[in-house]
Amino acid sequence: MAAEFGNGGGKGKAFLISAAVMLEAVAAVCSSPQTTEINASARAETLMKWVKVGIGLGTGLVIIGAIAEPDNAGPILAGGLITGGAMWYLYKHAKAAGLSSKKPATEHYT
């Protein structure tokens, strides 16, 4: 795959577009990692459910893009995989940091 990036042909653009699609899909259904951390004590499981939905949506869109443009399938899939993995890590970290924090959440439920 590393060799593909040196050959031009729009592969860098395909990678960036795929990465942006994954970011947009997660953003469309989720709060930010910051909100997840701040309110983990109040709604961590709900927030993480929507992270999974966003990554699932992004994955579907990335796969469709790779099928539609087979010459750039490698960079398209790489962009989605790397970005989806990074977003998963960020939200998991935010959840763990929020649950271990002694600071008050910004949301409270009775």
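The values are calculated or read from the model by the stated rules, or taken from the named source; none is laboratory data. Source: prediction; values computed, not measured. Please note: Cβ atoms are built from the backbone with ideal geometry, for glycine as well, and neighbour counts cover all protein chains shown.
Some points to look at:
- Filter result (under 17 Å from Gly58 (Cα atoms) and not in a helix (DSSP H, G or I)) within the stretch 71-110: none
- Of all residues in the stretch 83-98, none are basic (Lys, Arg), at pLDDT below 90 and either more than 29 Å from Gly12 (Cα to Cα) or surrounded by fewer than 18 Cβ atoms within 10 Å (Cβ to Cβ) (or both).
- Test: Gly65 is assigned to a helix (DSSP H, G or I), at pLDDT below 90 and crowded, with 17+ Cβ neighbours inside 10 Å: yes
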